[in-house]
Amino acid sequence: MNEQHQQLIADYLAGNLDDTGKTKVEELIASGEIDFMEFRELEKLHEDLGSIPAPSPSKEMSSNFYAMLEEEKQSVKNPWFQLLKDQVQQMIAELTMPRLAYGLILLIVGGFIGSQINNNDSEIEQLSQQVQDMREVMMVNMLEGASAADRLKAVTISSEMTSVDSEAIHALLFTLNNDPSINVRVQSIEALKRWGNNERVREGLVKAIAKQESPIVIVELADAMLELELRNSAPEFRRLIEERELDFTVQQKLESSIAALM
Amino acid sequence: MDSTSDKALMMKVKNGDLDKLGLLFERYNRPLFSFFYRMCKEAELCEDLVQSVFERILKYRDTYTGDGKFTTWMFSIARNAHIDHYRKQQREGIPVEIDEERLELDDEETKVVVNKQEKKELLEVALDRLDEDKREIIILSRYEGLKYKEIADILETTEGAIKVKMFRAMKELKDLVNTLNEECSHE
């Protein structure tokens, strides 16, 4: 069968032929140029195809679409939303406990959207503040996480913040004094050093000396005290040397630190 | 232009009235789902692909010109979303198993199909056994009601070529149905 006849049959099946076209098909069948049996089979098959059902999509598909549309509307209405979303996605990508953090972030983003809907004139600084606040809330919550990796991430987040409030400082100090992971405790000292001008941080670091068992953390604290010039830490270190059986090298390190601080 | 036509709605979406996409979604989520389902038979994946189509419509709304039918543009996007999905799977080394699973109709199933005179199930199996490019043309024409010209635009070929392919796909489908019938009758 030539291609013209094939095209004609395809048109016939799709219902594209007018009376002239149909007559042409009948003539070709009558002349034997189109096989009648094959033609009938194709016609029947085309009709039978209509009997194959397809299931319906779930309601979730619809919900997902409208959520996506709403998100797009927000990003158009408020370009900062996109910036915030990118920030959030970046943070989520860095986490090992994304579900918990994601829930938290959704809550914060929801609050952010709510606050922005009627406030299109907000300044970019406001956004920065929102991101800053979000980082802080996230950090505090992550510090309570079960995974040491996440707690380390939380401490790292604090180093990206331009300022911290008392709750964040409290969380970092609590971590320094109580976290089971030495790495996390050492990193929290690093993070706290950035806020060394804060009186609460300075006090907290000095008080933390007596609570440390790990020689690594103690040495790290000694370095921090020197860096921050916390002279009132010298008596604490002296007490530590007298009351504990410290490793010789740690003891030497503390002696030299005390001498430098005095 | 009718203000509720697909084109008019899409032009409004392009001009910032994003809510109008909701109307287009209501019109076309089922045809799109049905298209994907007949192509890949995985409902959850098909829903993701539908979502992906509307995400792309939003993303590329500025490129919509209003030339040609909206459905032609939409199914082009759908087709690309489908192709991208399988390319991504291949890149990630995830074996595409659905063809094998779908195409294998074990002896017992074959018997049941014939015994119950479930010819439509047998036809479904035959349709699944067709090469994807042939199946795609039948689906777009027979189920989605697209004209051959529109299919030709989507597949970037001529209307005549699509008609020939449609004829050949139907002929092959017929042969597959007959083969399956014979296999069943020999059992």
Enter the mean number of other protein chain beta carbons within 10 Å of the beta carbon of each residue in B:161-167, as an integer. 6
Tell me the label-point distance for the pair residue A:38, residue A:1, using the 7 Å Cα-to-Cβ offset, in nm and rounded to one decimal. 0.5 nm
Given a 1.4 Å probe and the protein chains all in place, what does the accessible area of residue B:5 round to, in Å² to the nearest 10? 30 Å²
With Rg from the Cα atoms and Rh as the Kirkwood inverse mean 1/r over Cα pairs, segment B:50-96 has an Rg/Rh of 1.09
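What Kirkwood radius, in Å to one decimal, follows from the Cα pairs of segment A:151-223?
Averaging 1/r across every pair of different Cα atoms and inverting gives 11.9 Å.
Note down the magnitude of the dipole of segment A:136-244 about its Cα centre, charges +1 on Lys and Arg C-beta and -1 on Asp and Glu C-beta and zero elsewhere, to the nearest 20 debye. Present the calculation step by step, with values, prior to reporting the outcome.
Working: 13 positive and 18 negative charges, 46 e Å.
Here the size comes out at about 220 debye.
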Compute the length gained on full extension between residue A:51 and residue A:27: take 0.36 nm times their separation in residues and subtract their Cα-Cα distance, giving the result in nm to one decimal. 5.6 nm
If R0 is 45 Å, what FRET efficiency do you get for residue B:15 and residue A:163 from their C-beta distance, rounded to 0.05? 0.60
Take peptides B:62-69, A:164-171 and line them up by average Cβ neighbours within 10 Å, highest first, as a rough protection proxy. A:164-171, B:62-69
Could you go through segment A:36-44 in sequence order and give the Karplus-derived ³J(HN,Hα) for each residue, using 6.51 cos²θ - 1.76 cosθ + 1.60 with θ = phi - 60°, rounded to whole Hz, and x for Gly and Pro? 4, 4, 5, 4, 5, 4, 5, 4, 5
Cα-centre dipole for segment B:115-175 with unit charges at Cβ (Lys and Arg positive, Asp and Glu negative), debye to 20: 380 debye
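Note down the magnitude of the dipole of segment B:1-84 about its Cα centre, charges +1 on Lys and Arg C-beta and -1 on Asp and Glu C-beta and zero elsewhere, to the nearest 20 debye.
Details: 13 positive and 13 negative charges, 51 e Å.
Computed about the Cα centre, the dipole is about 240 debye.
Going by average Cβ neighbours within 10 Å, how do the peptides A:182-193, B:120-131 rank, with the highest at the top? Write out the running numbers ahead of the final one.
Working: A:182-193: 20.8, B:120-131: 18.8.
Highest mean packing first, the order is A:182-193, B:120-131.
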For segment A:1-73, what size does the Cα cloud have along each of its three principal axes, sorted from largest down, in whole Å? 63, 25, 21
Please give the FRET efficiency for residue A:210 paired with residue A:129, using the beta carbon to beta carbon distance and R0 = 35 Å, rounded to the nearest 0.05. 0.40
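For peptide B:19-25, compute the average count of partner chain beta-carbon atoms within 10 Å of each residue's beta-carbon. Spell out each step's value before the answer.
Details: counts 3, 0, 6, 4, 0, 0, 6.
The per-residue average across the peptide is 3.
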What residue among A:256, A:208, A:218 has its Cα farthest toward the positive end of the dipole of segment A:202-262, where the charges are +1 on Lys, Arg and -1 on Asp, Glu, each on the Cβ? A:208
Integer Hz, Karplus 6.51/-1.76/1.60 couplings in order for segment B:48-53, x for Gly and Pro: 4, 5, 4, 4, 4, 4
Per its Cα gyration tensor (rounded if a/c is under 1.5, else prolate when a/b beats b/c, else oblate), segment A:179-262 is best filed as oblate
Here the residues of segment B:17-40 lying in the modelled label zone of residue A:66, meaning backbone nitrogen under 17 Å from a point 7 Å along Cα-to-Cβ, are B:18-30
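The values are calculated or read from the model by the stated rules, or taken from the named source; none is laboratory data. Keep in mind the model is a prediction, meaning the values are calculated, not measured. Cβ atoms come from the backbone with ideal geometry, glycine included; neighbour counts cover every protein chain shown. Just so you know, the surface numbers come from the protein's heavy atoms only, side chains and all, with ligands and any DNA or RNA stripped out. Shrake-Rupley method; radii C 1.70, N 1.55, O 1.52, S 1.80 Å.
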